[in-house]
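Colleague: One structure, pasted below without further comment.
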Protein chains: 2
Amino acid sequence: MLSLIFGAAVAALLVALFLGSRVLAGSTGTDAMRRISDAIKQGAEAYLSRQNRTIGMLAVFVAIGIYLVYHGQAGANPSRTAMWTTISFVLGAGCSVIAGYSGMWISIRANIRTAAAAEKGLNAGLQMAVRAGAVSGFIVMAMNLLGIGGLYAFLTGVVHILPQEVPLQIVGYGFGASFVALFAQLGGGIYTKAADVGADLVGKVEAGIPEDDPRNPAVIADLVGDNVGDCAGRGADIFESTAAETIGVMILAGGSALFPVFGIQGILFPLVVIALGLLCSVVGVFTVSVKEGGDPMSGLNRGFYVTGVLAMIAFWFATQKLLTPLASSGIVAPHASTYYFYCGLLGLGTSLAFVYITQYYTESKYRPVKAIADASKTGPATTIIEGLAVGLECTAVPVIVMVCAIVGSYFLGKASGIEPGHVGMLGPAGYIMAMDVFGPIADNAGGIVEMGECGEDIRKSTDVLDAVGNTTKALTKGYAIGTAALAAFLLFSAFMDAVREHTHTAFDTVNLAKPTVFAGALLGAMLVFLFSSFAIRAVGRAAFDVIEAVRKQFREKPGIMAGTELPDYAACVDIVTRGALRQMIAPGLLAVGAPIAVGLAFRAFITAADPTAAAEGVAAFLMVATIAGILMALLLNNAGGAWDNAKKYIETGVNGGKGSEAHKAAVVGDTVGDPFKDTAGPSLHVLIKLLATVTLVMAPLFL
Amino acid sequence: MLSLIFGAAVAALLVALFLGSRVLAGSTGTDAMRRISDAIKQGAEAYLSRQNRTIGMLAVFVAIGIYLVYHGQAGANPSRTAMWTTISFVLGAGCSVIAGYSGMWISIRANIRTAAAAEKGLNAGLQMAVRAGAVSGFIVMAMNLLGIGGLYAFLTGVVHILPQEVPLQIVGYGFGASFVALFAQLGGGIYTKAADVGADLVGKVEAGIPEDDPRNPAVIADLVGDNVGDCAGRGADIFESTAAETIGVMILAGGSALFPVFGIQGILFPLVVIALGLLCSVVGVFTVSVKEGGDPMSGLNRGFYVTGVLAMIAFWFATQKLLTPLASSGIVAPHASTYYFYCGLLGLGTSLAFVYITQYYTESKYRPVKAIADASKTGPATTIIEGLAVGLECTAVPVIVMVCAIVGSYFLGKASGIEPGHVGMLGPAGYIMAMDVFGPIADNAGGIVEMGECGEDIRKSTDVLDAVGNTTKALTKGYAIGTAALAAFLLFSAFMDAVREHTHTAFDTVNLAKPTVFAGALLGAMLVFLFSSFAIRAVGRAAFDVIEAVRKQFREKPGIMAGTELPDYAACVDIVTRGALRQMIAPGLLAVGAPIAVGLAFRAFITAADPTAAAEGVAAFLMVATIAGILMALLLNNAGGAWDNAKKYIETGVNGGKGSEAHKAAVVGDTVGDPFKDTAGPSLHVLIKLLATVTLVMAPLFL
């Protein structure tokens, strides 16, 4: 099995290498285009290296903290556990950095080549952007296989730790991945929206120049933002979702209930599923194409369906082969593997349902966006009210879907005769990631074409790709919140399991009727609200710096508006960089610190009769934070997406079209939605999993 | 004890009669003022009678449903239980209607007399408004004592039911009160904000005429709205909070754990506390006064402190006298009553803390409102973003306060040696209610003075009173959410107790780690989001009707704007009435139906080994809905209040003052906040308690 895991990883990396070289071989267009692309590249790399330095420093403190926590524990060989937990944290953090960086690396090179390819036609542009996205997707997934698989192989093969003990030694990997992902998503999200909001407010509103106008000093910062926010941030996010879900499954499979049944096969099962899914994604990417004048979305959908069906078939074989009880267990459950296959299907169905619900709430052909566009006729206030009503409403169906999935998989697992199941679906993540990175590449290509003064033809192609990119970004956000939710459920169970292993008690109750547990739940929900406040306000603060900087340039260089003087793009890039890094610290530390603080405070409730009182409080904190986080993320993502598309819908000529009062109102909605959908919402996806991984790693502290 | 309870109720009613006659004896000003006041009176009475008819019809169905549910139960004497549960539901609903009506009845008569009294001076105006508010507050509280006390006396004395069995027979009373309160708050809240938003959008924004301008056809509807929304709605809300909390305590005191310890004294304890608190409130109201040129707020605060200190002393005596274990119980716990006194103090402290936190987040002298006013400088988008950030942030400290109260009272109760305590504080509700009704009376008085073309002097006085009224409205909202939260905790325990009594099992665990229970929790949080969406959107829809109607009048009667033709005020009143009643149905039915639907669906999870699976799921639904409801209500109330005051702050001349771009942006914030703070937020207070009372009454369905 390890050879399959590593083989798939290497194969995917080779394909990524091949695709990457093809992308890099593409034309880089005109000089004007190259100048802009170089400026973007420079800004993005400067930002990411500074961001990684900041995260690196924070990570060192956390690594030391982890070592000290574990080193002080009783039990067999605490220093070995301390060492491996710390090493796996560092490794997870490192891989997460690489995952984020790889997405951005290819994206800042593919944007200009996509723009140039679009000159040849829509299909050339589409394939360029998708394949560049695939490079990043494959690297992210391969990193997971190599990282977790490598740790497993090393710990069992070289350090001679028992296989079932490995998962709890490497929980640090998941925490490291979440830790970096949170700061990357926060920093990138703040960066991209601060630049966007700042550029829009001062450019469109105050100076009256169009979007992406080269006279706007913040325009390059805005384009840089697409890369560092959407590519780098989402890369780290999806990497971390997969890592957290994998380790969650491994912990459960290594637990005393399941290990005797499935043995090593159960532990390696998630890695095998990812490996197979990755190979399916490779196939899927190569099926994407579009006829001239056709809809690129249907090409992308075809790729997704191919990947999905193949992944499902592969999943079937994996369950049949790996999830049949070992003869040594004495358990006879011939259909167990089939029931677990159904659990996986439920997970896939949930993710798919999330994608379709997202579509309904954010696309202009359905009621919600139309209602917002209509509300724009009576001004910004009604636009905001209707958008928030849509955001609040859109939580209903996803929750019902999730309830069906959770309850369904529980009963399926019970029906298997072995143990209640857990939803989870890791298959097509590689393809999803490719689709996700596609968005900002297309967006950037459009910006380069706009600023590079290219022909009308290219522009039409890049406009089409840009529109599709907006849709894929919204859809993958739906997928991301779906998988975040599913990963979170796995991680609860893993946390309960970890506490059981540490304490050797039958810890299986999180009793909300106990006042202290209820208090934990209350604090969990509150954390989500407070974190969202921090994230939203961070954008406002960083954007304010941008506005001030642009106003200063307009004041000091009157030639800019006349077109006789070049704005100082780098100054704006620098200001956003510093602003985003400063503003990401508070929400990031809140997210990491709050569960630890709650756990430590709740140690006061531990008595001889109730040794797990603190762990129980933390579990309630985690579970209710997850509930609130999912709802809030849905609200923020979908309200933001709906406002965005209501604006675009009006720009097609509805309700007075561009420049009308309705359009002005819709622009207000769009601006309000920016920090919702691109900063706070996606950061909440990461928050949910981070809370689970941090409590998992810090569990010994609460006992 | 019953004589104390009934005596206090009668005394309070006599004082209310006396104050009411004094209010009615006041001058009714000029003819012009009377014309406006009469129009308001007519509109408000027409609305309330139609609203009550609608609610009455819905209540008949619910009453039949309750009867059928209980009649089909096993156990001793099901038809007696069915009859008394149904009768108490009807009685609770009826009393709630009277509570709401009494507030409005006096308010629509006091508004003009306050305006006229303001001519004599600030103190005369203040006392007129406060005493009118007190009439309503005293009636509401007396209604509670007479209703619950009367039911208790009748059931024990005439029907000969054992005292400890009475509380579970009269849970219907609490549900009836919540049921009416929900629809009254929803209908009134939708009415007031639809009229307000509609009048503003079409008057201020489109036609460019000032607020309260008699040329605006919706202006009378707006003034009517203050009465039906703020007076009638809040009257029913506070009535219901008190009823629900009283019955919650009675159920716990009648349970098998506490009844042997405190006996009948424990059951009557909450009624005694309310009776004493009511007498203290009477004293407090008579201490309110203000020197000419002074700040009326300090006069109101004096009254509050007098009431609070007296209520605390009375509470001390009540605990010492009633909460000392009976000799027959064999329990020796000499300090038990003192510990329970501390629990009450914690409750009072929590309510007070909520009031102060509300003040911090919504008054213009503190950071949050100032930050919103500053954000207005960069337009409506940043105004909204900052306001939402404030709303999300403001949940943090109240949650920490609540956690301290819950955990603190739990340990205090444990320390008493008898049973974990429950926070709760019923004392000064009568005074709070008086302060609350004061707001809309002052607001209306201002409107009458504005439209009745009175002198500059009166206007100055009514403006001061109006400003104070806005503050008291915000503060009492803080108090209301605080008591709603505390009542909810009591009611959880009561629900657990009720299930225990029904099933004779040791039902004391709500285990979130069970997938079905977790699903209940997820659905509970979702309900709050969906309900808020319904409530917010209802305002938008009803407001849209108003806008259309006003536009039509402007179009068809061109003389209105010139001042030569009178607008048809009654037509607008009628449209808002119909709109509000139509729009209140969906959110209302959602609130009542969701917990029942969840409970019935979860019956599928009942097994022989787990007979309380459905009840456990409903309990999780209830608890997490309460958590989400408290957070969402805080967010909506405080964001709305902060936007409102940021606008007022700018109107004092800050950031360009009235008419500036910043002011326009702030008006957008204020309009967005309107349905937040006056419809959805206050309705959530009621929702929290309604969920508890409906699950309590319907508990047999889930078993």
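The values are calculated or read from the model by the stated rules, or taken from the named source; none is laboratory data. Not measured: the values here are computed from a predicted model. Here Cβ is always computed from backbone atoms with ideal geometry, including for glycine, and neighbour counts include all displayed protein chains. Each accessible area value is taken on the protein alone, full model and side chains, heavy atoms only, with ligands, DNA and RNA left out. Shrake-Rupley method; radii C 1.70, N 1.55, O 1.52, S 1.80 Å.
Colleague: Out of B:Ala513, B:Ala525, which single residue is open to solvent by 10 Å² or more (accessible area, probe 1.4 Å), in contact with a Ser or Thr (Cβ under 9 Å, 6 or more places away or on another chain) and more than 30 Å from B:Met451 (Cβ to Cβ)? It would help to see each step written out before you state the result.
Modeller: Details: B:Ala525 fails: open to solvent by 10 Å² or more (accessible area, probe 1.4 Å).
After applying the criteria, what remains is B:Ala513.
Colleague: Hey, can you tell me all the residues within the stretch B:394-418 that are more than 9 Å from chain A (Cβ to nearest Cβ), farther than 17 Å from B:Met623 by Cβ and among the aliphatic types (A, V, I, L, M)?
Modeller: B:Val397, B:Val401, B:Leu412, B:Ala415, B:Ile418 - these are the residues of the stretch B:394-418 that are more than 9 Å from chain A (Cβ to nearest Cβ), farther than 17 Å from B:Met623 by Cβ and among the aliphatic types (A, V, I, L, M).
Colleague: Please go through the stretch B:376-393 and give me each residue that is within 7 Å of chain A (Cβ to nearest Cβ) and assigned to a helix (DSSP H, G or I), ordered by number.
Modeller: B:Thr378, B:Pro380, B:Ala381, B:Thr382, B:Ile384, B:Ile385, B:Glu386, B:Leu388, B:Ala389, B:Leu392, B:Glu393
Colleague: So A:Thr626 fits all but one of (1) at the interface with chain B (Cβ under 10 Å from one of its Cβ atoms); (2) touching a helix residue (DSSP H, G or I) at 6+ places or on another chain (Cβ under 7 Å); (3) under 30 Å from A:Met83 (Cβ atoms); what number is the exception?
Modeller: (3)
A quick yes/no check of all residues on (1) in a helix (DSSP H, G or I); (2) closer than 21 Å to A:Asp222 by Cβ; (3) more than 7 Å from chain B (Cβ to nearest Cβ):
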{"site": "A:Val528", "(1), (2), (3)": "yes, no, yes"}
{"site": "A:Val539", "(1), (2), (3)": "yes, yes, yes"}
{"site": "A:Phe544", "(1), (2), (3)": "yes, yes, yes"}
{"site": "A:Ala549", "(1), (2), (3)": "yes, yes, yes"}
{"site": "A:Thr564", "(1), (2), (3)": "no, no, yes"}
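Colleague: Also: Take the stretch B:344-380 and flag every residue that is among the small types (Gly, Ala, Ser) and under 21 Å from B:Gly657 (Cβ atoms).
Modeller: Quick first cut of the stretch B:344-380, residues among the small types (Gly, Ala, Ser) only: B:344, B:347, B:349, B:351, B:353, B:364, B:371, B:373, B:375-376, B:379.
Passing the criteria: B:Ser364, B:Ala371, B:Ala373, B:Ala375, B:Ser376, B:Gly379.
Colleague: Could you look through the stretch A:366-401, keep only residues that are of a type in the set (A, V, I, L, M) and farther than 29 Å from A:Ala485 by Cβ, and pick out the one that is modelled with the highest pLDDT? Quick ask: steps written out before the conclusion?
Modeller: Our first condition is that a residue be of a type in the set (A, V, I, L, M); within the stretch A:366-401, this holds for A:369, A:371-373, A:375, A:381, A:384-385, A:388-390, A:392, A:396-397, A:399-401.
Applying the additional criterion that residues be farther than 29 Å from A:Ala485 by Cβ yields A:373, A:375, A:381.
Values: A:Ala373: 94, A:Ala375: 91, A:Ala381: 91.
The extreme case among them is A:Ala373.
Colleague: Can you tell me how many residues within the stretch A:591-620 are among the hydroxyl-bearing types (Ser, Thr, Tyr) and closer than 18 Å to A:Ala498 by Cα? Talk me through it step by step, then tell me what you get.
Modeller: First, pick out the residues of the stretch A:591-620 that are among the hydroxyl-bearing types (Ser, Thr, Tyr): A:607, A:612.
Applying the additional criterion that residues be closer than 18 Å to A:Ala498 by Cα yields A:612.
Going through the stretch A:591-620 one residue at a time, the tally reaches 1.
Colleague: Within the bounds of the stretch B:356-365, is there any residue that is open to solvent by 20 Å² or more (accessible area, probe 1.4 Å), away from chain A (no Cβ under 14 Å), within 30 Å of B:Leu24 (Cβ to Cβ) and at pLDDT below 90?
Modeller: no
Residue-wise test of (1) of a type in the set (Gly, Ala, Ser); (2) crowded, with 24+ Cβ neighbours inside 10 Å.
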residue	(1), (2)
B:Gly121	yes, no
B:Gly125	yes, yes
B:Gly133	yes, yes
B:Ile161	no, no
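Colleague: Which fully enclosed helices (runs of 4 or more DSSP H) of the stretch A:156-272 have 3 or more residues being touching a residue at least 40 places away in the same chain (Cβ under 8 Å) and among the aliphatic types (A, V, I, L, M)?
Modeller: Correct list: A:171-199, A:219-225, A:234-254.
Colleague: Would you pick out the residues in the stretch A:548-607 that are within 25 Å of the chain's Cα centre (by Cα), open to solvent by less than 40 Å² (accessible area, probe 1.4 Å) and over 25 Å from A:Phe529 (Cβ atoms)?
Modeller: Listed by number, the residues that qualify are A:Val573, A:Val576, A:Thr577.
Results for (1) surrounded by fewer than 24 Cβ atoms within 10 Å (Cβ to Cβ); (2) more than 30 Å from B:Ala63 (Cβ to Cβ), shown as yes or no for each residue.
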| site | (1), (2) |
| --- | --- |
| B:Ala609 | yes, yes |
| B:Ala625 | no, no |
| B:Ala639 | no, yes |
| B:Ala666 | no, yes |
| B:Leu687 | no, no |
| B:Ala692 | no, no |
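Colleague: Could you list, in sequence order, the residues of the stretch B:448-464 that are without any contact (Cβ under 8 Å) to a residue 40 or more places away in the chain and surrounded by 15 or more Cβ atoms within 10 Å (Cβ to Cβ)? Don't jump to the end; show me each part of the working.
Modeller: Residues of the stretch B:448-464 that are without any contact (Cβ under 8 Å) to a residue 40 or more places away in the chain, as a first pass: B:456, B:459-460, B:463.
Listed by number, the residues that qualify are B:Arg459, B:Asp463.
Colleague: Going through A:Ala521, A:Ala513 one at a time, which residue ends up being facing chain B (nearest Cβ under 7 Å), outside any helix (DSSP H, G or I) and within 24 Å of B:Val401 (Cα to Cα)? Quick ask: steps written out before the conclusion?
Modeller: On the way: A:Ala521 fails: outside any helix (DSSP H, G or I).
Matching residue, one of A:Ala521, A:Ala513: A:Ala513.
Colleague: Additional query: Since B:Ile560 meets every condition but one in (1) in contact with a helix residue (DSSP H, G or I) (Cβ under 9 Å, 6 or more places away or on another chain); (2) part of a helix (DSSP H, G or I); (3) more than 11 Å from chain A (Cβ to nearest Cβ); (4) at pLDDT 85 or above, which condition does it not meet?
Modeller: For B:Ile560, the exception is condition (4).
Colleague: In addition: State whether one or more residues within the stretch A:313-326 are over 20 Å from A:Leu145 (Cβ atoms), in contact (Cβ under 8 Å) with a residue 60 or more places away in the chain and either among the basic types (Lys, Arg) or in contact with a Gly (Cβ under 7 Å, 6 or more places away or on another chain) (or both).
Modeller: Yes, the stretch A:313-326 contains at least one residue that is over 20 Å from A:Leu145 (Cβ atoms), in contact (Cβ under 8 Å) with a residue 60 or more places away in the chain and either among the basic types (Lys, Arg) or in contact with a Gly (Cβ under 7 Å, 6 or more places away or on another chain) (or both).
Colleague: Which one of B:Ile148, B:Ile98, B:Ile112, B:Ile170 is modelled with pLDDT of 90 or more and of a type in the set (Val, Ile, Thr)? Reasoning before the result, please.
Modeller: Values: B:Ile98 fails: modelled with pLDDT of 90 or more; B:Ile112 fails: modelled with pLDDT of 90 or more; B:Ile170 fails: modelled with pLDDT of 90 or more.
Testing whether each residue is modelled with pLDDT of 90 or more and of a type in the set (Val, Ile, Thr) leaves just B:Ile148.
Colleague: In the stretch A:475-491, what count of residues is obtained for those that are touching an Asp or Glu at 6+ places or on another chain (Cβ under 6 Å) and open to solvent by 10 Å² or more (accessible area, probe 1.4 Å)?
Modeller: Within the stretch A:475-491, residues that are touching an Asp or Glu at 6+ places or on another chain (Cβ under 6 Å) and open to solvent by 10 Å² or more (accessible area, probe 1.4 Å) number 0.
Colleague: If I go through the stretch B:497-510 residue by residue, how many of them are under 31 Å from the mean Cα position of the chain (by Cα) and outside any helix (DSSP H, G or I)?
Modeller: Total satisfying the criteria: 3.
Colleague: B:Ala494 - would you say it is open to solvent by less than 10 Å² (accessible area, probe 1.4 Å) and in contact (Cβ under 8 Å) with a residue 60 or more places away in the chain?
Modeller: yes
Colleague: Pick out the one residue from A:Leu300, A:Leu322 that is under 22 Å from A:Val10 (Cβ atoms) and at pLDDT 85 or above. Working first, answer last.
Modeller: Details: A:Leu300 fails: under 22 Å from A:Val10 (Cβ atoms).
Just one listed residue meets the conditions, A:Leu322.
Colleague: Here is a further query. Among the listed residues B:Gly263, B:Gly176, B:Gly189, B:Gly248, identify the single one that is at positive phi, open to solvent by less than 10 Å² (accessible area, probe 1.4 Å) and not aliphatic (A, V, I, L, M). Give the steps one after another, and end with the answer.
Modeller: Values: B:Gly176 fails: at positive phi; B:Gly189 fails: at positive phi; B:Gly248 fails: at positive phi.
Checking each option against the conditions leaves just B:Gly263.
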